[in-house]
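To keep things clear, I will list the structure first and then write my remarks on it.
The values are calculated or read from the model by the stated rules, or taken from the named source; none is laboratory data. Since the structure is predicted, the reported quantities are computational estimates derived from the model, not experimental observations. For the accessible areas, the whole protein counts, side chains as well, though only heavy atoms, and no ligand, DNA or RNA atoms are used. Shrake-Rupley method; radii C 1.70, N 1.55, O 1.52, S 1.80 Å.
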Amino acid sequence: MTRSLAYVANPRDGPVSTGATFTVRICTWSEAAKALRRVRYAVFVVEQGVPEVLEWDASDESAVHALAENASDRPIGCARLLNDGHIGRVAVVRDWRRQGVGRALMQRLIGVARERGDPVVIVNAQVAAMPFYAGDGFAATGAQFEEAGIDHHVMTRRLR
Ligand code: COA
């Protein structure tokens, strides 16, 4: 899926194309581990200080992954969908944030979950990222909890 991005620099001027494009593809861990690791290492390990031992787990092997790449095929974002409907490890490299990459990753994985008949998708949302998930139709359920030293909230979205 290729997405052309457009911004409104000044609402009276109308949309202005920046020329920035990216693609999002579905892949397995064995197909794209290097690229997925690159994004998650930069965002979670380096930027957020998550211990590496917590970042990589056995779920990567069985998950459906979404990978965003720029026009030069450089990995810029990723996310994964587990067999139980949890979407996680949603990460976009700093330079590409607020340009629709995170939304595109979520929509792609929600589409996969819907197609395979999942009744609901679930995220363990970092509290700071809750508005991002709320924009995709997720609602907070249950209590706040701590994971890898960061406050989280369970959020769910019904698919049927
Ligand atoms: N707070 C509030 N709103 C946010 C937000 C934030 N931190 N990040 C994005 N949004 C909103 C955007 O304004 C946009 O709203 P709109 O559709 O009404 O315009 C919407 O969410 C989609 O934004 P998008 O540009 O697609 O998001 P992104 O590519 O910047 O990715 C994250 C969002 C959270 C994945 C990205 O900021 C990131 O990688 N953060 C660090 C890792 C992280 O915290 N991951 C989440 C773990 S639970």
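Annotations
- Comparing Val123, Val39, Val50 in a Gaussian network model of the chain, where Cα atoms under 10 Å apart are tied by springs, the biggest mean-square fluctuation is seen for Val50.
- For the residues Val90, Val43, Val53, a GNM of the chain with alpha-carbon springs under 10 Å puts the largest fluctuation on Val53.
- Global geometry of the stretch 72-160, whether rounded, prolate or oblate, following the gyration tensor of its Cα atoms and the 1.5 cut on a/c: oblate
- Angle in degrees between helix 101-115 and the longest Cα principal axis of the chain, rounded to the nearest 10: 60
- Residues of the chain: accessible area per residue with a 1.4 Å probe, Å²: 54
- The equivalent ellipsoid of the chain has semi-axes of 24, 19, 17 Å, largest first, where each one is the square root of 5 times an eigenvalue of the Cα gyration tensor.
- For Arg89, the accessible surface of its heavy atoms amounts to roughly 60 Å² (probe 1.4 Å, protein chains only, rounded to the nearest 10).
- When all protein chains stay in place and ligands, DNA and RNA are ignored, the 1.4 Å accessible-area order of Met130, Met155, largest first, is Met130, Met155.
- The heavy atoms of Thr21 present about 40 square angstrom of accessible area, all protein chains included, probe 1.4 Å.
- Accessible-area composition of the chain, carbon plus sulfur, in percent [1.4 Å probe]: 51
- Averaging the sequence gap over all C-alpha pairs within less than 8 Å and six or more residues apart, then dividing by the number of residues, gives the chain a relative contact order of 17 percent.
- Nearest-10 value in Å² for the accessible area of Tyr133, using the 1.4 Å probe: 20
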